[in-house]
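> I'd like to ask some things about the structure below.
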């Protein structure tokens with residue numbers, strides 16, 4: 001299964017995704033640590049709601065309400081897109097293609113496009129070949145073992161049903177914090193995701209994409225070949 005499929009399973013039923021993925025991706029589930037972290041995040045978010053009783057913190061309440069609504073939109077988007085992870089990555093790399101030189105025709109970027117041509121054919125690529133790299137890179141990363149590992153680790157847990165609600169709400173808190181961080185780190189990409197009602201899902205691609213975002217903003221990649229080399233060398237593509 002792909003990373004986006006794991007999201008659908010998790011949000012479709014109140015059961016542990018580990019039951020269906022542990023055999024497929026061995027050794028990536030650190031359940032006890034993950035559950036404790038999610039429950040702590042749930043308690044943290046619940047404490048923020050105490051601001052409802054303090055008039056001067058009304059803006060905090062409104063932000064929390066907005067995040068709750070945006071979370072519902074994001075869950076809906078998981079089912080609206082064929083591969084929501086690939087689509088989020090595509091939106092980012094499409095931005096990058098506007099700012100980074102293409103590189104030579106025989107370079108690694110063009111080879112990646114050729115390699116992923118058939119697999120990425122379902123992507124509705126605006127701008128034709130101009131964004132072919134964005135489609136190829138996004139599909140390659142979304143289907144990589146690295147991406148699946150990230151999503152499974154952030155969703156998986158072996159826990160009794162009585163604890164599930166706490167863990168679920170804790171994941172929502174982590175999604176909100178990741179979205180806030182993205183808004184500061186890369187406002188342009190944040191608003192692209194916001195318009196697509198996807199910013200609350202950034203948490204699931206953050207470990208992979210945040211590193212790329214930082215390097216792109218530092219202008220480390222002068223062309224798409226260098227970006228491709230980095231992706232292939234670090235993310236099992």
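The values are calculated or read from the model by the stated rules, or taken from the named source; none is laboratory data. Everything numeric in this text was worked out from a predicted model, so none of it was measured. Virtual Cβ from ideal backbone geometry, glycine too; neighbours counted across all protein chains shown.
> Check whether at least one residue in segment 121-132 is modelled with pLDDT of 85 or more and either loosely packed, with under 13 Cβ neighbours inside 10 Å or under 19 Å from the mean Cα position of the chain (by Cα) (or both), and report yes or no.
No: segment 121-132 contains no residue that is modelled with pLDDT of 85 or more and either loosely packed, with under 13 Cβ neighbours inside 10 Å or under 19 Å from the mean Cα position of the chain (by Cα) (or both).
> Since residue 103 meets every condition but one in (1) surrounded by 17 or more Cβ atoms within 10 Å (Cβ to Cβ); (2) at pLDDT 75 or above; (3) within 30 Å of residue 225 (Cα to Cα), which condition does it not meet?
Against the list (1) surrounded by 17 or more Cβ atoms within 10 Å (Cβ to Cβ); (2) at pLDDT 75 or above; (3) within 30 Å of residue 225 (Cα to Cα), residue 103 comes up short only on (2).
> Given the options 151, 216, 192, name the one that is part of a helix (DSSP H, G or I) and at pLDDT below 90.
The match here is 151.
> Further, regarding this structure: Give just the number: which of (1) at pLDDT 95 or above; (2) surrounded by 23 or more Cβ atoms within 10 Å (Cβ to Cβ) does residue 186 not satisfy?
The failed condition is (2).
> Moving on to the next point. Filter segment 64-83 for residues that are touching a residue at least 40 places away in the same chain (Cβ under 8 Å) and more than 20 Å from residue 180 (Cβ to Cβ) and give the result.
Answer for segment 64-83, where residues must be touching a residue at least 40 places away in the same chain (Cβ under 8 Å) and more than 20 Å from residue 180 (Cβ to Cβ): 76, 78, 79, 81, 82, 83.
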